[in-house]
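Step one of this worksheet: look at the structure below.
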Amino acid sequence: MFKILLALHLLTAIFAIGPLVHAATTASRGLRTADATATAGSARVAQLYSYVSVLVVVFGFGLMSAKEDGQKVADMGDPFIWISLLLWVFALVVTLVVIVPTLQQATVNITNGVGVDGLTARVAASGGLVGLIFAAIVFLMVYKPGS
């Protein structure tokens, strides 16, 4: 069961977090080129994969409760687990509260011929932050400090 849960956790991390980080970190390109289709698409992808990323956590909890060689893999008290979980929540908040609404507003502005210069920096900075957060989570999962 351990290997199945590990595979599911890794696959969902790759196929959910990857597109989420890509959409968040490249969304400002649509703003710089004033492409409403690109900004709307980035908003949809970021929102969808934010929700899908819940599966990574679900499989992660399953993995934590599994045993490898008779030993528990991890515990909620392990610092790398709860710090990663807090970082994931923060990344989702940044994505769903800052990036997605800003991109949706940018799409409306571009469609109506209104400038989006003030929104570009917000999306670029937030997207970069989300990318760094997920990089930190990967580091924590691999290195497992405090374990």
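What to note about this one:
- Rounded to the nearest 10 Å², the accessible area of Val142 at probe 1.4 Å: 120
- Using heavy atoms of the protein chains and a probe of 1.4 Å, the accessible area assigned to Arg29 is about 140 Å².
- Rounded to 10°, Cα long-axis angle of helix 117-143 versus longest principal axis of the chain: 10
- Solvent-accessible heavy-atom area per residue, rounded to whole Å², over the chain at 1.4 Å: 54
- Taking a quarter of the surface of the Cα convex hull of the chain gives a mean projected area of 8.3 nm².
- Using heavy atoms of the protein chains and a probe of 1.4 Å, the accessible area assigned to Met141 is about 60 Å².
- Cα centroid separation, the stretch 68-127 to the stretch 5-45 (Å): 11
- Accessible area of the chain belonging to carbon and sulfur atoms, whole % at 1.4 Å probe: 69
- Degrees separating the helix 54-65 axis from the principal Cα axis of the chain, which is the longest one: 10
- The angle between the Cα long axis of helix 79-93 and the main principal axis of the chain comes to about 20°, on a 0 to 90 degree scale.
- Aspartates and glutamates with Cα under 17 Å of Lys67, excluding same-chain neighbours fewer than 8 positions away: Asp75, Asp78
- The candidates Phe59, Phe90, Phe139, arranged from most to least accessible area with a 1.4 Å probe in the full protein assembly, appear as Phe139, Phe90, Phe59.
- For the chain: relative contact order, % (alpha-carbon pairs under 8 angstrom, 6 or more apart): 35
The values are calculated or read from the model by the stated rules, or taken from the named source; none is laboratory data. Since the structure is predicted, the reported quantities are computational estimates derived from the model, not experimental observations. Note: areas computed on protein heavy atoms with side chains; ligands, DNA, RNA excluded. Shrake-Rupley method; radii C 1.70, N 1.55, O 1.52, S 1.80 Å.
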